[in-house]
Amino acid sequence: MNIRSCENCKKLFQSYGNSMCPKCIQEFDEKFTLVKNFLYDNPGSSMETICEETGVDSTHVMKWLREGRLMTDAHGPSLLTCLTCGTPIRSGKYCEECNAKLIRTLEGGKKAFAVEPKKTAEESKRKESRFHIKS
Ligand SMILES: [Zn+2]
Ligand SMILES: [Zn+2]
């Protein structure tokens, strides 16, 4: 059992791995359902409209969009921006271009790591001496 302070209301509560108290989790669940239903009925709404109509803070809406829990209409305005270049995006953290770049960087890193370590000085010396004996 772990006593920690709620991420939202800062009250102390018994945490079983949650960052928010049970009351806030329930509250957020209700807010999430509200926004989700609103977007379902009003696809393509702007962030201002969503916040005004549902009374939910835009930081929460953005968090759900980044987590991919909420999706906006494909023809509506983009409510998020890429964390790297600022291009408007619909979900997640990065635009397609930055995502591709990120994957390339990761793969490049893996390849570099997989390259065999350089032969030790001792090994190359041994090879040299063998070469001298042969000639
Ligand atoms: Zn709380
Ligand atoms: Zn980007």
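Quick notes on this structure:
- Any hit, the range 42-56, residues being assigned to a loop (DSSP other than H, G, I, E, B) and within 15 Å of ligand 1 (Cβ to nearest atom): no
- Per this entry, Leu83 is counted among residues that are assigned to a loop (DSSP other than H, G, I, E, B), in contact with a Lys or Arg (Cβ under 8 Å, 6 or more places away or on another chain) and at pLDDT 90 or above.
- Filter result for Gly108 (at positive phi and out of contact with any Pro (no Cβ under 8 Å at 6 or more places or on another chain)): no
- Test: residue in the range 68-81 that is more than 28 Å from Cys95 (Cβ to Cβ), surrounded by fewer than 15 Cβ atoms within 10 Å (Cβ to Cβ), more than 20 Å from the chain's Cα centre (by Cα) and more than 16 Å from ligand 2 (Cβ to nearest atom): no
- One residue from Thr84, Thr54 being in contact with a Leu (Cβ under 9 Å, 6 or more places away or on another chain) and not assigned by TED's automatic domain parsing to the domain that holds Lys36: Thr84
- Within the range 66-98, the set of residues being in contact with a helix residue (DSSP H, G or I) (Cβ under 6 Å, 6 or more places away or on another chain) and within 16 Å of Val35 (Cα to Cα) comprises Leu70, Leu79, Leu80, Ser91.
- Residue match in the range 94-115 (condition: assigned to a loop (DSSP other than H, G, I, E, B), modelled with pLDDT under 65 and over 30 Å from Asp57 (Cα atoms)): yes
- The one condition in (1) away from ligand 1 (no atom under 11 Å from the Cβ); (2) at pLDDT 95 or above that Leu12 fails to fulfil: (1)
- Residue in the range 15-40 that is farthest from ligand 1 (Cβ to nearest atom), counting only those that are surrounded by 15 or more Cβ atoms within 10 Å (Cβ to Cβ) and part of a loop (DSSP other than H, G, I, E, B): Asn18
The values are calculated or read from the model by the stated rules, or taken from the named source; none is laboratory data. Values in this document were obtained by computation on a predicted structure and should not be read as measured data. All Cβ positions, glycine included, derive from the backbone under ideal geometry; neighbour counts span all protein chains shown.
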